[in-house]
Amino acid sequence: MGAVILGTGSCLPGRVLTNHDLEKIVDTSDEWILSRTGISTRRISGKDEETFKLASTAARRAMEAADVTADEIDLIIVATMSSHMLMPSCACFVQNELGAKNAFAYDLNAACSGFLFALDSGDKYLRVERDKKILVIGTETLSSRINWQDRNTCILFGDGAGAVIMEYQDDPRGVVGSNLFSDGSLWNLLYMHTAPSLNPELEQSDHPGTHILMEGREVFKYAVKAMEGAIHDLLDRQKIEISSIDLMIPHQANIRILKKLVSRIGIDQEKVFINVQKYGNTSAASIPIALDEANREGRLTRDNLLLICSFGGGFTWGASLLRW
Ligand code: COA
């Protein structure tokens, strides 16, 4: 019994950036990117495709699928780290775009684990406020936060948004459980500054800019180990065997991380949904985009057991189980 997903939606910007396009920007090759990451293309947002606009389109698609109107939404949680403003929140812009005048709205930043954390917050909210409907969104335009001269990072990320509508139902379906973690001591392996402060007391010389900075090898190592641990713990606690999982939707960071994780937890490869080749790492948007694609492709049927897991800057990571 818990928060059930009533509908899913997603939105990808129109512009496709291929590995061959990247060969013209930095010293790299299609072969290098494909073999190290599994990524072929990613989407890049343009004018009128701000973070909140992608989010609002994804949300409208989820609302249509769920047959829910803007007036019926009580809460909007947006997981993002790339809104066009720090204040107001991206969620307030989404609320305004949708005309969801009865909803309160806030952002949540847990980097690439944002959607997983937002889903858990939404589930906990609905267990108390049982007659409400909520919108949970993951949305990013990380193309605006990339150093396009840094070949270590610019090949990895892409833009997009995904959304779900949820409500509590007195039903064995819904969120079964979550297992979430953070370790702030490892912040400097994957991070992004805000713009330098204009407060003279906080003046920062040698400001490295607002780009994503990453120690790729270290992130890789921690990501596999952390997600593996979170999944094992969660399954043990719920007394569920990995063979009972019908579909796994991991955060789409990198094909090599996913392959290693899949082999360590022993899930059948065919049960793992992967679309990283098309969109790259869309951070907080990756799971809800993949969820929407899996759903629309008919990969999920009623009562299926769905496992999702993520890892991101912070570090933040975790896993959740949902009965569809
Ligand atoms: N094209 C060509 N060569 C590149 C390159 C690129 N885009 N990026 C790095 N290289 C080079 C490096 O400069 C290095 O060259 P050197 O040996 O001459 O010094 C070589 O390739 C190996 O670099 P390294 O960083 O050790 O590669 P790697 O095998 O670790 O792969 C990543 C790099 C980023 C693909 C890998 O570390 C990774 O996937 N990490 C996890 C990243 C991630 O998913 N982050 C988000 C988590 S939410």
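The values are calculated or read from the model by the stated rules, or taken from the named source; none is laboratory data. Please read all numbers here as calculations on a predicted model, not as lab measurements. Note that we place each Cβ from the backbone using ideal geometry, even for glycine, and neighbour counts take in every protein chain shown. Only protein heavy atoms, including side chains, enter the accessible area calculation; ligands, DNA and RNA are left aside. Shrake-Rupley method; radii C 1.70, N 1.55, O 1.52, S 1.80 Å.
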>> Taking the conditions exactly as written (modelled with pLDDT of 95 or more and either open to solvent by 40 Å² or more (accessible area, probe 1.4 Å) or farther than 27 Å from R296 by Cα (or both)), does T80 satisfy them or not?
In response: no
> E72 is checked against (1) touching a residue at least 60 places away in the same chain (Cβ under 8 Å); (2) open to solvent by less than 60 Å² (accessible area, probe 1.4 Å) and fails just one. What number does that condition carry?
Replying inline: (2)
> What number of residues within the range 262-292 are under 20 Å from L17 (Cα atoms) and not small (G, A, S)?
Replying inline: 9
> Which members of the range 125-175 meet the condition of being closer than 28 Å to T69 by Cβ and within 12 Å of the ligand (Cβ to nearest atom)?
Replying inline: E140
> Of everything in the range 24-58 that's under 21 Å from L258 (Cα atoms) and assigned to a loop (DSSP other than H, G, I, E, B), which residue is most open to solvent (accessible area, probe 1.4 Å)?
Replying inline: S40
> Among the residues of the range 260-269, is any among the hydroxyl-bearing types (S, T, Y), modelled with pLDDT of 95 or more and surrounded by fewer than 19 Cβ atoms within 10 Å (Cβ to Cβ)?
Replying inline: yes
> Among the numbered criteria (1) more than 9 Å from the ligand (Cβ to nearest atom); (2) part of a helix (DSSP H, G or I); (3) open to solvent by less than 40 Å² (accessible area, probe 1.4 Å), which single criterion is violated by P13?
Replying inline: (2)
>> Just to verify a result, which residue in the range 150-209, among those that are buried (at least 21 other Cβ atoms within 10 Å of the Cβ) and of a type in the set (F, W, Y), is farthest from the chain's Cα centre (by Cα)?
In response: Y168
>> Tell me the residue from F93, F117 that is under 30 Å from T194 (Cα atoms), within 16 Å of the ligand (Cβ to nearest atom), out of contact with any Pro (no Cβ under 7 Å at 6 or more places or on another chain) and among the aromatic types (F, W, Y), please.
In response: F117
>> If I filter the range 68-80 for residues that are among the acidic types (D, E), in contact with a strand residue (DSSP E or B) (Cβ under 7 Å, 6 or more places away or on another chain) and in a helix (DSSP H, G or I), do I get at least one hit?
In response: yes
